[in-house]
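Q: Sharing a structure, written as structure tokens. Questions coming.
The values are calculated or read from the model by the stated rules, or taken from the named source; none is laboratory data. The structure presented is a predicted model; accordingly, all values stated were derived computationally and were not measured. Positions of Cβ are generated from backbone atoms using ideal geometry, with glycine treated the same way; all protein chains shown enter the neighbour counts. Accessible surface areas use protein heavy atoms only, side chains included; no ligands, DNA or RNA. Shrake-Rupley method; radii C 1.70, N 1.55, O 1.52, S 1.80 Å.
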Amino acid sequence: MDGVVVKLPSFPFLNPTISSSSPSSPTFRLGFRRFSATLSAVKEGSVSLGHLTRPHFPILHQEVNGSKLVYLDNAATSQKPTAVLKALHKYYEAYNSNVHRGIHYLSAKATDEYELARKKVAAFINASDSAEIVFTRNATEAINLVAYSWGLSNLKPGDEIVLTIAEHHSAIVPWQIVAQKTGAVLKFVSLGENEVPDVEKLREMISTRTELVVVHHVSNVLGSVLPIEDIVIWAHEVGAKVLVDACQSVPHMVVDVRGLDADFLVASSHKMCGPTGIGFLFGKSNLLSAMPPFLGGGEMISDVFLDHSTYAEPPSRFEAGTPAIGEAIGLGAAIEYLSGIGMQKIHDYEMELANYLYEKLCSVPNIRIYGPKPSDSIHRAALCSFNVENIHPTDLATFLDQQHGVAIRSGHHCAQPLHRHLGVSASARASLYFYNTEEDVDDFIRSLNDTVSFFNSFK
């Protein structure tokens, strides 16, 4: 799909500042306008989770290009609540220090909070032990860690790695590199009915030659959800391991790694209200203990001699150098915040929003929504990737932003093989989180219809 980005007039970006009017009812000053964070405008008895939590996110209360911001790009990154911003500020203001290697108060305090964050992650996904949680820069690095440490040590010529064509590039490229080095073979499952990865074909593809299955939990393009418990059972029956890309599930639903029985699972902080620059790998303790280091340097060693070194036990073995301390603490604060709401409550609310978004998008003329149609038996995540006939998705996204203040994403969403299978090079994507509301969806649909009308007026 070829398209030209329409250059439209841009308006001053208004940065919000929190006024000191009332600590319990903050108001965010936006130039000459104000958007109150109180719930007084919401009818009694009809307060949604989105309305209840929006006051916790200062960034949402601002104007963009002369319009109220409507942020619908949560599959790319989420916004951060005040609790996370305060945790980051407190670390750098009150106890900034390097961890693990100091005996003074600041270092001890920083170490305690850093390791407490690891325990929070472990509890959040129900890991057996916090030692099964390795902090990484992001989920991409976590997958690369498994690929280089486990993959290069365990894969041999002819071994098979089973994936789907709907995987994020981060779950494909590392295994392509490892396959080139080891002689392993990548096998891809295509889409089946309802534009969902064909689970039955996946089951058939798993064989005694399979050493690893790499699958997403929730697709960042299709919004579909895979039955991870079943896939793990099928893989384990032939002795294969399973790596789950949970970047689009951990922020939105209850994820229990012991219940799933996955061998490896990865997620990113920035998609779950935490800071950028940190993610995590869950790995079963027996697997991590048998894996060699991914990077060499400080912290990951036991003893260093001139002719060799011995290595620390996991997770330290995989965390070379000074880690992202503040970011880990911020992730811990995000987990506390999400847990305070309740992940099941978040999931239930988002399912309502998902159905509302899909239903409203279907009313847009000449639209093509990718992925399954929601029903009693088929549940979609709260995101929709779509195209409108004869309008490039980047043109849609540009007009929505510049003329309406609506933030969506356009492009291939790091899923080029999937887009090629769908017969397009790019799509537009609107993705929601629990701080979004039906009003956000209504604003988006109204703006999208105006955008479509604008481009159609040139035909």
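Q: Report yes if some residue within the stretch 109-126 is surrounded by fewer than 20 Cβ atoms within 10 Å (Cβ to Cβ) and in a loop (DSSP other than H, G, I, E, B); otherwise report no.
A: There is at least one residue in the stretch 109-126 that is surrounded by fewer than 20 Cβ atoms within 10 Å (Cβ to Cβ) and in a loop (DSSP other than H, G, I, E, B).
Q: Another question, if that's okay. Residue under question is Gly31, and the condition is that it be open to solvent by 40 Å² or more (accessible area, probe 1.4 Å) and either on the phi < 0 side of the Ramachandran plot or modelled with pLDDT under 95 (or both); does it hold? Spell out how you get there, then give the answer.
A: Values: open to solvent by 40 Å² or more (accessible area, probe 1.4 Å): yes; either on the phi < 0 side of the Ramachandran plot or modelled with pLDDT under 95 (or both): yes.
Judged against the criteria, Gly31 is a match.
Q: While we're here: Can you tell me which condition Glu195 does not meet? The list is (1) on the phi > 0 side of the Ramachandran plot; (2) touching a strand residue (DSSP E or B) at 6+ places or on another chain (Cβ under 8 Å), and all the others hold.
A: Of everything listed in (1) on the phi > 0 side of the Ramachandran plot; (2) touching a strand residue (DSSP E or B) at 6+ places or on another chain (Cβ under 8 Å), Glu195 misses just condition (2).
Okay, residues lined up against (1) closer than 14 Å to Leu69 by Cβ; (2) in contact (Cβ under 8 Å) with a residue 60 or more places away in the chain; (3) not basic (Lys, Arg):
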residue	(1), (2), (3)
Val388	no, yes, yes
Asp401	yes, yes, yes
His404	yes, yes, yes
Gly411	no, no, yes
Tyr435	yes, yes, yes
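Q: Restricting to the stretch 296-314, give me the number of residues that are at positive phi and touching a residue at least 60 places away in the same chain (Cβ under 8 Å).
A: Result for the stretch 296-314: 1.
Q: Is it the case that the stretch 368-375 has a residue that's farther than 25 Å from Ser269 by Cβ, assigned to a helix (DSSP H, G or I) and open to solvent by less than 40 Å² (accessible area, probe 1.4 Å)?
A: no
Q: Tell me, which strands (runs of 3 or more DSSP E) lie completely within the stretch 202-320 with 1 or more residues that are open to solvent by less than 10 Å² (accessible area, probe 1.4 Å), closer than 22 Å to Trp150 by Cβ and not hydrophobic (A, V, I, L, M, F, W, C)?
A: Here the list reads 210-216, 264-268, 279-283.
Q: Continuing with this model, one more query. I'd like to know if the stretch 414-424 contains one or more residues that are crowded, with 23+ Cβ neighbours inside 10 Å, in contact with a Lys or Arg (Cβ under 7 Å, 6 or more places away or on another chain) and either outside the structural domain of Ser224 (by the TED database) or assigned to a strand (DSSP E or B) (or both).
A: Within the stretch 414-424, not a single residue is crowded, with 23+ Cβ neighbours inside 10 Å, in contact with a Lys or Arg (Cβ under 7 Å, 6 or more places away or on another chain) and either outside the structural domain of Ser224 (by the TED database) or assigned to a strand (DSSP E or B) (or both).
Q: Here are some residues: Ile143, Ile103, Ile161. Which one is on the phi < 0 side of the Ramachandran plot and in a strand (DSSP E or B)?
A: Every option except Ile161 fails the conditions.
Q: Right, something else. Looking at (1) over 30 Å from Asp440 (Cα atoms); (2) out of contact with any Gly (no Cβ under 9 Å at 6 or more places or on another chain), which one does Glu359 not meet, given that it meets all the others?
A: The one condition Glu359 does not meet is (1).
Q: Next question. Residues in the stretch 98-105: is at least one assigned by the TED database to the domain that holds Glu327 and β-branched (Val, Ile, Thr)?
A: yes
Q: Still on this structure: Restricting attention to the stretch 383-391, does a residue exist that is part of a loop (DSSP other than H, G, I, E, B) and open to solvent by less than 40 Å² (accessible area, probe 1.4 Å)?
A: Among the residues of the stretch 383-391, not one is part of a loop (DSSP other than H, G, I, E, B) and open to solvent by less than 40 Å² (accessible area, probe 1.4 Å), which makes the answer no.
Q: Can you tell me which residue among Ser339, Ser363, Ser375, Ser385 is at pLDDT below 95 and either over 27 Å from Phe57 (Cβ atoms) or small (Gly, Ala, Ser) (or both)?
A: Unique residue meeting the criteria: Ser375.
Q: For the subset of the stretch 426-459 comprising residues that are assigned to a loop (DSSP other than H, G, I, E, B) and more than 22 Å from the chain's Cα centre (by Cα), which member is nearest to His56 (Cα to Cα)? So that I can check it myself, show each step before the final result.
A: Within the stretch 426-459, the subset assigned to a loop (DSSP other than H, G, I, E, B) is 426, 432-437, 457-459.
This time we only want the ones that are more than 22 Å from the chain's Cα centre (by Cα), so: 457-459.
Working: Ser457: 40, Phe458: 42, Lys459: 44 Å.
Checked the stretch 426-459; the qualifying residue nearest to His56 (Cα to Cα) is Ser457.
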